[in-house]
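Contents: one structure, followed by commentary.
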Amino acid sequence: MTELSLSIPDSLAGERLDRAVPVLEESLSRSAVQKLIENGEVLVNGKKADKKTKLAAGGIITVNVPEPECLDAVAQNIPIEIVYEDEYLLVVNKPKGMVVHPAAGNPDGTLVNALLYHCEGRLSSINGVIRPGIVHRIDKDTSGLLIVAKTDEAHRGLAKQIKEHSFKREYRAVTVGHLPNESGTVNVPLGRSRTDRKKQTVNGINPREAVTHYNVLLSFEGFDYVRFVLETGRTHQIRVHSAYTGHPVAGDAVYGSPAKGLGLSGQCLHAAIIGFIHPITGEYLEFTSPLPDYFTDFLRKHGVTPGDIENAERNISNQL
């Protein structure tokens, strides 16, 4: 049994107990929390409470979590594209549709399963047996570059760069409609949605700073081809910030752009460039992933040629 002690912030004052706990402890789903409450394993200020109990800021929630069932990620011989690899880390080009690590509903067939096979189990242990080596994540339906740590030392060094916002992450996306400015910054905090714990929202529960920079590279037939640069790295940040501007990522049904009718199975979003200081050697490394077929096919269907894309990328490089 593991005991968690959770402080109630001002942002959760007045919230129901069963809704607040999953926000404060993301590893617990609302249904799991409700079951723990029913079993008397959740206390508010030392006393048992009902799931509908309204919380007061400054209080303490104590959660007794039973030891989880053993769910070790297993090595699977799944082909993956390795962009770079040394004894400390590797950079992977993740395909659209691949889940990063095992979870409920996706116990195998994930990037972690493939990495365990490729690296023969030699991955950092900081994130435990389900997410070994995973320093940062991208969504299932987002393609592109992801860095993986083989050693704990490398993992800590990379995580520090992400925390300090010195880790370069550039994305390419197609957004619906036309942004009013050719470039700009979206700086609004993001937090968990009060109505759907799987979603993030602007100024949601327990909001954290979120900053996204953008440049419109091309405009065409009701869409923009956009360069996004993350200053922070919150869950679904680009997708939520895009929706906030009124121009969601094309194909992102979760945040306002149904894929049906667009010929997309999920959002048109690609992690194109990643740059970081090697945590062991101190060398700066930068990698670029070309747009995948699903992305270029969508652009081509709307009259955008490979030459148009090359010119747009060249122009933005000259401006920076």
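The values are calculated or read from the model by the stated rules, or taken from the named source; none is laboratory data. Keep in mind the model is a prediction, meaning the values are calculated, not measured. Cβ coordinates were reconstructed from backbone atoms using ideal geometry, including for glycine residues, and neighbour counts include every protein chain displayed. Accessible surface areas use protein heavy atoms only, side chains included; no ligands, DNA or RNA. Shrake-Rupley method; radii C 1.70, N 1.55, O 1.52, S 1.80 Å.
Key figures
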read-out: Criterion: on the phi > 0 side of the Ramachandran plot and more than 16 Å from the chain's Cα centre (by Cα) - qualifying residue of 221, 182, 153; value: 221
read-out: Criterion violated by residue 244 - all others in (1) touching a strand residue (DSSP E or B) at 6+ places or on another chain (Cβ under 6 Å); (2) under 25 Å from residue 161 (Cβ atoms); (3) open to solvent by 30 Å² or more (accessible area, probe 1.4 Å) satisfied; value: (2)
read-out: Test: residue in region 153-162 that is open to solvent by 10 Å² or more (accessible area, probe 1.4 Å) and part of a loop (DSSP other than H, G, I, E, B); value: no
read-out: Residue count for region 113-131, restricted to those that are within 12 Å of residue 150 (Cα to Cα) and modelled with pLDDT of 90 or more; value: 8
read-out: Residue 215 being open to solvent by 20 Å² or more (accessible area, probe 1.4 Å), at pLDDT 95 or above and either under 30 Å from residue 116 (Cα atoms) or touching a Lys or Arg at 6+ places or on another chain (Cβ under 6 Å) (or both); value: yes
read-out: Close pairs from region 127-142: first farther than 14 Å from residue 103 by Cβ, partner in a loop (DSSP other than H, G, I, E, B) and open to solvent by 40 Å² or more (accessible area, probe 1.4 Å), Cβ under 6 Å, at least 6 apart; value: 141/96
read-out: Matching residues in region 48-68 - criterion: being touching a helix residue (DSSP H, G or I) at 6+ places or on another chain (Cβ under 7 Å) and among the hydroxyl-bearing types (Ser, Thr, Tyr); value: 53
read-out: Only one of 133, 177, 144 that is surrounded by fewer than 20 Cβ atoms within 10 Å (Cβ to Cβ) and in contact with a strand residue (DSSP E or B) (Cβ under 8 Å, 6 or more places away or on another chain); value: 177
